[in-house]
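S.K.: Just dropping this structure here.
The values are calculated or read from the model by the stated rules, or taken from the named source; none is laboratory data. No experiment lies behind these values; they were computed from the predicted model shown. We work out accessible area using only protein heavy atoms, side chains counted, and drop any ligands, DNA or RNA first. Shrake-Rupley method; radii C 1.70, N 1.55, O 1.52, S 1.80 Å.
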Amino acid sequence: MIDTFVGKFTPKKLEGVKKIGREYCLIPEKVSSMMGKISITPEFAGIFLGEVRRKEFRPGLALLERLAGMSGKKIFVDDKACWLFLCGRDLMANSITRADADKGLVLVQNGNDENLGLGRIIGNVKEKTTRIVVKNILDRGDFLRRER
């Protein structure tokens, strides 16, 4: 399932990805070879990339960060929109400074090309209106909001 998700952004494959239960992790080769020598299956190992819930793949922030370096399917937003997106808000067309994609899933980036999260384009990102055009799917602020 992770390959299908990654394929929406780049034809490149991620190396070192292992599935443990319903979670996908990026595991260094030394750790992976050691896992083969022990008789129990670990609960978790490496860097969490995402998980399968209800037959759907849900990416983790580390996976989005890796994809941002490999993919051109991005939109860039101004400083005010960065803050709003990190607070869980959707994006309006007039806050997008550059759009390298016009449909489907996109990586939302700030002006320094740092990944803020994942969105889905639901409108025309080229028109400069106050309509919502990108739906927030996952952002870096989600982790803090869940801590309450």
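S.K.: Helix-only mean residue ellipticity at 222 nm, the chain, DSSP H runs n ≥ 4 weighted -39,500 (n - 2.57), per residue, nearest 500. What is it?
M.R.: Working: 5 runs with 36 residues, N = 148.
That calculation yields -6000 deg cm²/dmol at 222 nm.
S.K.: Moving on to the next point. Among I75, I38, I96, which one moves the most in a GNM of the chain with springs linking Cα atoms closer than 10 Å?
M.R.: The residue that fluctuates most here is I38.
S.K.: For the range 30-76, what does the alpha-carbon gyration tensor say about shape, rounded, prolate or oblate, given a ≥ b ≥ c as the root eigenvalues, a/c under 1.5 as rounded, and a/b over b/c as prolate? It would help to have the intermediate numbers written out before the result.
M.R.: Numbers: a/c = 4.00, a/b = 1.87, b/c = 2.14.
Oblate, because a/c is 1.5 or more while a/b does not exceed b/c.
S.K.: Keeping every protein chain in place, order E65, E29 by accessible area at 1.4 Å, biggest value first, i.e. largest first.
M.R.: On the way: E65 90, E29 140 Å².
Heavy-atom accessible area, descending, gives E29, E65.
S.K.: Convert each backbone phi in the range 7-15 into a coupling constant with the Karplus relation 6.51 cos²θ - 1.76 cosθ + 1.60 (shift: θ = phi - 60°), then list the ³J(HN,Hα) values in order as whole Hz, x for Gly and Pro.
M.R.: x, 6, 10, 7, x, 5, 9, 8, 8
S.K.: Turning to a different aspect of this structure: Quick one: what do you get for the range 15-148 if you divide its Cα Rg by 2.2 N^0.38 Å? Write out the running numbers ahead of the final one.
M.R.: Details: Rg = 17.2 Å, N = 134, 2.2 N^0.38 = 14.1 Å.
Dividing the Cα Rg of the range 15-148 by 2.2 N^0.38 Å gives 1.22.
S.K.: Taking K55 as the anchor, which lysines have their alpha carbon closer than 19 Å to its alpha carbon, excluding any fewer than eight residues away along the same chain?
M.R.: K8, K18, K19
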